[in-house]
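The values are calculated or read from the model by the stated rules, or taken from the named source; none is laboratory data. All values derive from a computational prediction rather than experimental measurement. Note that each Cβ is placed from the backbone with ideal geometry, even for glycine, and that neighbours are counted across all protein chains shown.
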Amino acid sequence: MTVIIIDIAKDFSKYPSGRTQEDGPASGALFREKHLVPAFTNNDKVIVKLDGVKGYPSSFTEEAFGGLVREGFDKNDILAKLTIEFESNAYEGYRDDILLYIKDATMDE
Amino acid sequence: MEPATFSFAKDLIAPIVLSGFGAFLALWVKEQFGKSGEKRQLRTEELTLLCDKVDLCRTLSSEYWRNKYDDKEGRQKEIEARIIGLFHGCNEILAQAAFQQLSDKSNISKKINELRRTVTGSNFGKSNREENFDKLKDIESLGHEIQALVVAAKRK
């Protein structure tokens, strides 16, 4: 079984923001293409660490994780592989957002 | 009538032990009340801070969704960063130990996350945002609802 750990603050940015690449240098679309797509394609388990970032805008998390479903990834497969980790309870709401956006995303958006 | 007899254990030691236990109990009760008072004071201060942050979130978010900004001045990115940071600050306050016993915590937290999703979702971060009256109405209503919940929690 292959496992990959993505620490957003260390591996991507401490200031993730925006939906597409025209919205800024640390957008949800860039995070998806650079980290999530390869991780979900090549691994059985994907651990995403949320700590170290001073807040996630919903446009970023929706584009990154909901966008996976729109790109053709099966939402049940994503949910089975994905584990979201954080040390501080301040990140609970973002975890709930991510799971919600994956469940709510549809291919025809 | 039997003559009064002196018992060392009953007449001398027992009162000393009892009065010592009484003093210890009084001190323990005082200490527990003191600790609970300190916790309550800390929680009240944090709730006041939370109320201020929510108020600022509501005001800034309404301002953001009512206006378009000139990208050259960097004003939009600046206000976006402040909004994201303020919401995270609210979550950090609620994650503190003093709030773990607060019965309203889950409700307040749920509403703050709902407000955050409303504010920072859809086209948040895009320069071609349209003014959105439904969103503005939701921001104002949720913001006031959270502040009322926090004020009610402070009174408990």
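I'm trying to understand the selection: among the residues of the range B:47-71, which are surrounded by 16 or more Cβ atoms within 10 Å (Cβ to Cβ) and modelled with pLDDT under 90?
Once the filter is applied, which keeps residues that are surrounded by 16 or more Cβ atoms within 10 Å (Cβ to Cβ) and modelled with pLDDT under 90, the range B:47-71 yields B:Leu47, B:Tyr69.
Which of the following residues is within 14 Å of chain A (Cβ to nearest Cβ), charged (D, E, K, R) and farther than 24 Å from B:Asp134 by Cα: B:Glu46, B:Glu38, B:Glu31, B:Glu73?
B:Glu46
Among what's in the range A:41-68 and is touching a Lys or Arg at 6+ places or on another chain (Cβ under 8 Å), surrounded by 20 or more Cβ atoms within 10 Å (Cβ to Cβ) and more than 14 Å from every other protein chain (Cβ to nearest Cβ), pick the residue that is farthest from A:Arg95 (Cα to Cα).
Taking the candidates together, the pick is A:Leu68.
For the range A:68-97, enumerate the residues that are more than 17 Å from A:Ile47 (Cβ to Cβ) and in a helix (DSSP H, G or I).
Selection gives A:Val69, A:Arg70, A:Lys75, A:Asn76, A:Asn89, A:Ala90, A:Gly93, A:Asp96, A:Asp97.
Can you go through A:Ala9, A:Ala64 and tell me which one is without any contact (Cβ under 8 Å) to a residue 60 or more places away in the chain, part of a helix (DSSP H, G or I) and touching a helix residue (DSSP H, G or I) at 6+ places or on another chain (Cβ under 8 Å)?
A:Ala64
Got a sec? Which of B:Gly74, B:Gly121, B:Gly20, B:Gly37 is surrounded by 15 or more Cβ atoms within 10 Å (Cβ to Cβ) and free of Cβ contacts under 8 Å to residues at least 24 places away in the same chain?
From the options B:Gly74, B:Gly121, B:Gly20, B:Gly37, the qualifying one is B:Gly121.
Quick one: is A:Glu22 outside any loop (DSSP other than H, G, I, E, B), out of contact with any His (no Cβ under 9 Å at 6 or more places or on another chain) and among the acidic types (Asp, Glu)?
Yes.
Do we find that B:Phe124 is modelled with pLDDT of 90 or more, hydrophobic (A, V, I, L, M, F, W, C) and part of a loop (DSSP other than H, G, I, E, B) in this structure?
Working: modelled with pLDDT of 90 or more: yes; hydrophobic (A, V, I, L, M, F, W, C): yes; part of a loop (DSSP other than H, G, I, E, B): yes.
Yes; evaluated as a whole, the condition is true for this residue.
Tell me which residues, restricted to the range A:18-29, are surrounded by 22 or more Cβ atoms within 10 Å (Cβ to Cβ) and either more than 15 Å from A:Asp7 (Cα to Cα) or at pLDDT below 95 (or both). Don't jump to the end; show me each part of the working.
Taking the range A:18-29 first, the residues surrounded by 22 or more Cβ atoms within 10 Å (Cβ to Cβ) are A:18-19, A:23, A:27-28.
The answer is A:Gly18, A:Arg19, A:Asp23, A:Ser27.
Looking at the range A:96-109 only, could you name the residues that are in contact with a Leu (Cβ under 7 Å, 6 or more places away or on another chain) and charged (D, E, K, R)? I'd like the intermediate steps shown before the answer.
Going through the range A:96-109, the residues in contact with a Leu (Cβ under 7 Å, 6 or more places away or on another chain) turn out to be A:102.
Those that are in contact with a Leu (Cβ under 7 Å, 6 or more places away or on another chain) and charged (D, E, K, R): none in the range A:96-109.
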